[in-house]
Amino acid sequence: MTHRLLAVLLLIIGTVAFTPSTACACSCALRPPSELMKGSATVFTGTVTAARRAGGGDPLGPPPPLVFTFRADQIYKGTPNATYEVATNADSAACGVNFTIGSRYLVFASAGKSGLFDTDPGVPLYTSLCSGNVMVRPGTGPLRPRDGIVRDENGQGGARLDKALLTALGTPTRAPAATADPSPITVTPGTLKDGRSPVGIYTGAAGAGTAALAFVGWRLLRRRPRT
């Protein structure tokens with residue numbers, strides 16, 4: 001009886017620890033576009049050209065934030081720049097944004113201390129799933145309603161850009177030309193070939209340990225007690 005109880009406990013512990021908890025999922029309050037604009041330091045459209053993981057961090061703790069480089073084309077708020085670096089959490093459960101390299105986005109970026117990161121990303125701008133970012137059609141011109149119709153990395157179709165959003169954005173300023181050749185699209189070590197972020201790097205060791213617990217519990221259940 002004790003043998004069987006121990007096996008069941010190991011199986012439960014391993015399974016629960018290995019399964020992502022819905023309690024840790026990112027939850028965002030719905031905000032109108034005017035509030036998204038007001039709460040952002042910089043708003044722009046741009047194409048993701050590179051991604052890297054911030055240095056530092058504890059391998060057994062939360063993964064360091066990711067830093068994405070954007071080649072900007074239209075600036076809706078903030079000082080116009082040719083490129084921007086924007087930090088976000090590596091984990092979507094912590095409201096991190098999984099930007100796709102080579103895709104164009106409308107980005108709402110904040111500045112100052114965010115309270116989102118355990119590790120300093122080393123850049124002044126940051127964003128999250130709650131910021132209002134939108135993947136848009138490739139291009140370089142001001143946004144139009146039809147620019148919201150895209151297919152994301154999961155193959156899901158988007159929707160036309162809302163009139164309220166376009167009104168809140170207002171008239172953009174053209175991004176200045178880069179002083180050098182535009183940054184090529186690059187993927188840092190650890191990123192996926194399609195440009196998605198290496199979200200699971202720091203969770204590998206913990207996942208292997210919890211899976212091992214579940215496996216041990218399963219094997220114990222399979223064993224028949226000797227008579």
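So here's what we get for this one:
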| quantity | calculated |
| --- | --- |
| T45 vs. criteria open to solvent by less than 80 Å² (accessible area, probe 1.4 Å), out of contact with any Gly (no Cβ under 7 Å at 6 or more places or on another chain), among the β-branched types (V, I, T) and modelled with pLDDT of 95 or more | yes |
| Which numbered condition S114 fails, given (1) at pLDDT below 95; (2) open to solvent by 60 Å² or more (accessible area, probe 1.4 Å) | (2) |
| Residue match in segment 119-135 (condition: in contact (Cβ under 8 Å) with a residue 60 or more places away in the chain, of a type in the set (V, I, T) and within 27 Å of G170 (Cβ to Cβ)) | no |
| Exclusive hit being open to solvent by less than 40 Å² (accessible area, probe 1.4 Å), among the β-branched types (V, I, T), closer than 21 Å to R31 by Cβ and within 19 Å of the chain's Cα centre (by Cα), set V86, V150 | V86 |
| Of all residues making up segment 53-79, the number that are within 23 Å of A90 (Cβ to Cβ), open to solvent by 30 Å² or more (accessible area, probe 1.4 Å) and modelled with pLDDT of 95 or more | 1 |
| Test: residue in segment 167-181 that is of a type in the set (A, V, I, L, M, F, W, C), surrounded by 14 or more Cβ atoms within 10 Å (Cβ to Cβ) and modelled with pLDDT under 95 | no |
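The values are calculated or read from the model by the stated rules, or taken from the named source; none is laboratory data. Note that the coordinates shown come from a computational prediction; the quantities given were computed from them, not determined experimentally. Virtual Cβ from ideal backbone geometry, glycine too; neighbours counted across all protein chains shown. Heads up: the accessible areas ignore ligands, DNA and RNA and are worked out on the full protein's heavy atoms, side chains in. Shrake-Rupley method; radii C 1.70, N 1.55, O 1.52, S 1.80 Å.
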